[in-house]
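Taking it in order: structure first as structure tokens, then the write-up.
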Amino acid sequence: MSQALEGIRILDLTSGPAGGMATMILADFGADVLSIEHPHETRPLDTLPAAPMWRRGKHVLALDLDDDDDFADFHAIAAGADVLVCSWRATALARKQLEFEALHRRHPHLVFCHMTGFGSRGPMADYPGYEHLVAAYSGRMHLFTGIVDRPGPVFSAVQVGIHACAQSAVTGILAALLDRGESGPGRLVETSLLQGMLPYEMGSMLGVQFPDRYGELLTAMRAQSPEPPMPSLFYHPAQAGDGRWMQFGNLLPHLFDNLLIATDLIDIVSDPDFDHKQLLLRTPEKHEAFRARMLKRIQDRSADQWTEDFIANGGIVATTYQTTQQALTDPDVVANGHVIPRSGGVQLGPLARLTKTPAQPGDGTTPGDERAASWRANPRSATGERPPGTLPLAGIKVVELATIIATPLGTAFLADMGAEVTKVEQIGGDPFRGMLAGLGAARVNAGKRSLSVNMKTAEGIEIVLDLMRDADVVVHNFRPGVPERLGIGYEHVAAINPNVVYLQANGYGPDGPGAHRPSTHPIPGAAMGGVVYQMGGHLPDELQGIDGLKLWTRRLMRANELNPDPNTALVVATSIMLGLSARQRTGTGQQILVDMFGANAYANSDDFLSYPEKATRALPDAGLHGLSAAYRLYACAEGQWLFLAIPTNRERSKCREALQAAGLQTPSQALFDEGGDALAHAFGELFQSEPADYWQTLLANAGVGCVRADGPAPSEFWLVDEQSKAMQLTAEAHHAALGDYRRHGPMVIFDGQSQALGPAPLAGEHNTELLDALGYSADQIGQLEEAGVIWQES
């Protein structure tokens, strides 16, 4: 079988996991990746435990770009490449005249993907680009306050910025290549770890702009007490009788009913105080009494016994908490190919299952001399010009039939790159519109058009099929079998549109015991190792009484934040672009399968592999400050907090020199060399002498990674921060009901220019426009509305 990216040449000037994972994905799907490495220097990030995985399938060439002859050879090779991926800081690019403008003059065909920590311009452009430095700076560590018994922000363990940056780089590269075609001009593709934090702000940024409308909700959302709130009954963690912890995610009433039946708790629905729509008891005393009863009931049996019953039922959202290493042998992970044998162990499998152009991951690296010679001998060319300001997916039509967060957010990323996305919603709209006052729905549906249609009617299905006839992409998150029953399964759609890229996203994947089970975001968060990592592995296995159960379930639910949905959304967008790229090369569409388990395995890619002598995943300390004395949170004067990131010897030397130059009592060189608790204690005493703002200014000027970690929360950060403004990470839009507001900016910036981004639609806002384009008359549209086939939110 051919591969999606066969024949594409990628020149790799990245180091570290973000660039490594991006180019690994490209290599897995057939791209020719040539990595340039210095002949006499070892890159520190290449010693990370996951490096053998993200180096797989690549060719390596030794070049010293400070040597004139090698630099000239680099340009000769670049002339034959399609894409240059680079993670250098902007000043380093300028020194070598490798910024996009200079590259484009010399190699007009070349797509240049620039991956950075904080972005290519602005006050933080040349700051060290470490995942957790960026997370602390952007307010992400606020989200976990209270999951440990101390005040202040908490280390955000899962490397979501790296995951989002890597996926966005691939998505942007493939969009630019799709737009370029065989001989068009290349363009600049930019993304960053800072942009990688954007998907995890799920709507409160919109709310803070309308305090009169959302004030009460925002007050509740901002509450950061040392004690997290109790979980909702339907999203509850619980401890089973063998001491293992389980997570439930039965968001919808019928799913919660299934859980109540399976656990013999169904009698609660007969209580007149039970609110079936909100899944709670209106009387607080009764509500808490039932919570205690439910938690104690789960302790009656082991996690495996409950799981067996829940799988047999098929309609219960539940899983057991696992580490990443335990997840490597999870039956659904194995059955769906999310791990593959490599290098004496296992590694992450392909990102997505492309049914006609499947991935063929390599195993290790090979010398790149022959590839380099071939590229030198066969340079690419570019002809023609591109109209200024155009986005690469202009003209691509996407029909989305999906609800809640993961899949809708994935198509929103495509809309931001110019795709025409039509969201098909049920009568009354996507259920997500009724949650959190609609803020989350406005976040994930930005830039789309909406058609609200009754797909339980023949007329509704006919409308949807009409939309699909000339669609480039159809995407849904129905459970297996539902699209086929509706008459919109892949075979139905391919019969009327053979070139369609048809992506289905579900919880567990099409194979394995969970194939037909529903899933919500807490499930992959718990099952793929993210929550256990966020908790530092500190989960009690001795059976807890009711007070202990309440304490640990509060902490677990805050640790199990929304990240599994955005993690999946990023993979949805990348997978669609892989399908469109394959269609460009082969001329045919195909079915693509992705799932939340696989996507969240990628979000935990730093530890989703196993091989002899692999180092164990470094866990946060008991106080959840960070991973080491040189990479952690510290309390400062005036109640402020900072995050210090000096993981290399060179950075530790710069830190010590800066402290000495300021005349401060500095930890000894022996302490710096030793690290550990002694250095953490010394730093702790030093940093408490001044506020975090002082330390950031002092150390930042010396090029040391140090940021204040308790600045604005994410809801305010993106609106007020100077770096966010410099990178244009919010954009003006107009909402039909709210008016003017600033929405989340793009995950990928093209050609360094601001992009016109659309607002979120009301449900059914574009019914008339869309049906008119399909040839329906005004009378027919009125009749459909009167018959309840279509509906529009007022």
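Consider the stretch 498-514 and keep the residues that are surrounded by 18 or more Cβ atoms within 10 Å (Cβ to Cβ) and out of contact with any Ser or Thr (no Cβ under 8 Å at 6 or more places or on another chain). The one that is farthest from Phe155 (Cα to Cα) is Val500. Tallying residues that are of a type in the set (Gly, Ala, Ser) and in contact with a Pro (Cβ under 6 Å, 6 or more places away or on another chain) within the stretch 165-193 yields 2. When the stretch 655-683 is filtered for residues that are surrounded by fewer than 17 Cβ atoms within 10 Å (Cβ to Cβ) and under 37 Å from the mean Cα position of the chain (by Cα), the ones remaining, listed by number, are Asp673, Glu674, Gly675, Gly676, Asp677, Ala678, His681. Note down all Cβ pairs under 9 Å where the first residue falls in the stretch 763-788 and is of a type in the set (D, E, K, R), the second is crowded, with 21+ Cβ neighbours inside 10 Å and part of a helix (DSSP H, G or I), and they're at least six residues apart or on different chains. If the second residue must be crowded, with 21+ Cβ neighbours inside 10 Å and part of a helix (DSSP H, G or I), the pairs left are Glu785/Asn767. If you filter the stretch 658-677 down to residues that are touching a residue at least 12 places away in the same chain (Cβ under 8 Å), in a helix (DSSP H, G or I) and in contact with a Leu (Cβ under 8 Å, 6 or more places away or on another chain), you find that the one that is nearest to Ala618 (Cα to Cα) is Phe672. Applying the criterion of being farther than 29 Å from Leu328 by Cα and within 22 Å of the chain's Cα centre (by Cα) to the residues of the stretch 463-486, the residue that is surrounded by the fewest Cβ atoms within 10 Å (Cβ to Cβ) is Val473.
With respect to being crowded, with 19+ Cβ neighbours inside 10 Å and at pLDDT below 95, Arg517 fits the description. Taking the criterion of being on the phi > 0 side of the Ramachandran plot and more than 33 Å from the chain's Cα centre (by Cα), the residues of the stretch 738-790 that qualify are Gly775, Gly788.
Taken over the stretch 487-500, the criterion of being touching a residue at least 40 places away in the same chain (Cβ under 8 Å), more than 23 Å from Ser519 (Cβ to Cβ) and either within 27 Å of the chain's Cα centre (by Cα) or part of a loop (DSSP other than H, G, I, E, B) (or both) is satisfied by Asn497, Pro498, Asn499, Val500. Kindly list the number of the only condition in (1) without any contact (Cβ under 8 Å) to a residue 24 or more places away in the chain; (2) outside any loop (DSSP other than H, G, I, E, B); (3) closer than 30 Å to Gly529 by Cα; (4) aliphatic (A, V, I, L, M) that fails for Ala618. The failed condition is (2).
The values are calculated or read from the model by the stated rules, or taken from the named source; none is laboratory data. Remember, it's a predicted structure, so these values are computed and weren't measured experimentally. Every residue, glycine among them, receives a Cβ derived from its backbone with ideal geometry; neighbour counts consider all protein chains shown.
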